[in-house]
Amino acid sequence: MDTTIERMPPVLLQATRSGLNWPTPPVFGRPEDERRHLKQRLAAGFRIFAMHGFDVGIAGHISARDPILIDHFWVNPLGVHFSRIKVSDLMLIDHQGQVVEGKHPVNAAAFSIHSRIHRARPDVVAAAHSHSRNGTAFASLGRLLPPTTQEACAFYNDHAVLQAYGGIASELSEGDLIAQSLGQGKAVICRNHAHFTVGHSVDEAVFWFLRMERAFEQYLLAAAAGTPVEIDDVTASLTARQVGSHSAGWFGLQPLMDKVLAEQPDLLE
Ligand SMILES: [Zn+2]
């Protein structure tokens, strides 16, 4: 018997009355370390978006609140493909829209929407958005995501629909509308546009975007074949508590995050 290898105990997902006990994100003693970590996760988040095909044209942005200048946020440069974004490409902008750090242009819609979300939701660290295939298709229906799958239950009673569509959201007033519709939820579906997701970490916001995109796909496939059966309210609420927590969202991305960081180390440059 090999006794020289010390093995980590398995991480068990333990059921509690309020949901499941998930592992939790790292905590940093120094804000500089937290900032470095946040920027690395943000750059990796764009690589993950590219892997999923959320990279058509120039649409899409993920923002992350700076842990030192908390009324500033990091966002992607306009016109750089998500698969090529590095930490050094990230743009730091303040809530007045001024570029504080970075060498690229910034999407006006990224500023007008994300600045309002970050202002309205002090708890939110990151917000994610792109014009994904299923997200844009489902958004044209102008309806909530019904709880027909376990994935969809993560959003049960925790997302909203913005029914107003007024073209590209380049005005702050439109960012306000999206932030108001989002409320205290984790996602908002903007009719005729696409969905936005938020989280207490970059990983969480990105994971909810992926998870919602998958839930849209499941619904659209099922609805094309028949009439999907909705999960009842009590069970959908229970499932939401089990799979929809902040730590569940963060932990859900870890396998993919680890893979991207291992396979694309240039993103850290
Ligand atoms: Zn958009």
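With respect to Glu213, determine if the residue is out of contact with any Pro (no Cβ under 7 Å at 6 or more places or on another chain), assigned to a helix (DSSP H, G or I) and within 16 Å of the ligand (Cβ to nearest atom).
yes
Restricting the stretch 155-201 to residues that are hydroxyl-bearing (Ser, Thr, Tyr) and more than 16 Å from the chain's Cα centre (by Cα) leaves a set whose member that is nearest to Ile231 (Cα to Cα) is Tyr156.
Here Arg47, Arg17, Arg35 are screened, and the one residue that is away from the ligand (no atom under 16 Å from the Cβ) and free of Cβ contacts under 8 Å to residues at least 12 places away in the same chain is Arg17. At pLDDT 95 or above, within 17 Å of Glu204 (Cα to Cα) and among the β-branched types (Val, Ile, Thr): is that true of Ile68 in this structure? So Ile68 fails the test. Filter the stretch 80-103 down to residues that are within 13 Å of Phe46 (Cβ to Cβ), free of Cβ contacts under 8 Å to residues at least 60 places away in the same chain and away from the ligand (no atom under 15 Å from the Cβ), then give me how many there are. Going through the stretch 80-103 one residue at a time, the tally reaches 7.
Within the group Ile70, Ile113, which residue is of a type in the set (A, V, I, L, M, F, W, C), within 16 Å of the ligand (Cβ to nearest atom) and within 29 Å of Ala154 (Cα to Cα)?
Details: Ile70 fails: within 16 Å of the ligand (Cβ to nearest atom).
The conditions single out Ile113.
The residues of the stretch 10-42 include none that are assigned to a strand (DSSP E or B) and either among the acidic types (Asp, Glu) or at pLDDT 85 or above (or both).
Scanning the stretch 246-269 for residues that are assigned to a loop (DSSP other than H, G, I, E, B) and either modelled with pLDDT under 95 or surrounded by fewer than 20 Cβ atoms within 10 Å (Cβ to Cβ) (or both) yields Gln264, Glu269. Checked against (1) surrounded by 22 or more Cβ atoms within 10 Å (Cβ to Cβ); (2) not in a helix (DSSP H, G or I), Trp208 meets all criteria but (2).
Return the only residue of Phe196, Phe155, Phe207 being of a type in the set (Phe, Trp, Tyr) and within 16 Å of the ligand (Cβ to nearest atom). Spell out how you get there, then give the answer.
On the way: Phe155 fails: within 16 Å of the ligand (Cβ to nearest atom); Phe207 fails: within 16 Å of the ligand (Cβ to nearest atom).
Within the list Phe196, Phe155, Phe207, the selection yields Phe196.
Among residues of the stretch 51-67 being outside any strand (DSSP E or B) and away from the ligand (no atom under 12 Å from the Cβ), the one that is surrounded by the fewest Cβ atoms within 10 Å (Cβ to Cβ) is Gly53.
Filtering the stretch 151-173 to residues that are within 15 Å of His129 (Cα to Cα) and at pLDDT below 90 leaves Ile168, Ala169, Ser170.
Check Gly185 against each of (1) part of a loop (DSSP other than H, G, I, E, B); (2) within 15 Å of the ligand (Cβ to nearest atom) and name the one condition it does not meet. Gly185 satisfies every listed condition except (2).
The values are calculated or read from the model by the stated rules, or taken from the named source; none is laboratory data. Keep in mind that what you see is a predicted model, and the values were worked out from it rather than measured. When we count neighbours, we look across all protein chains shown, and the Cβ atoms used for this are built from the backbone with ideal geometry, even at glycine.
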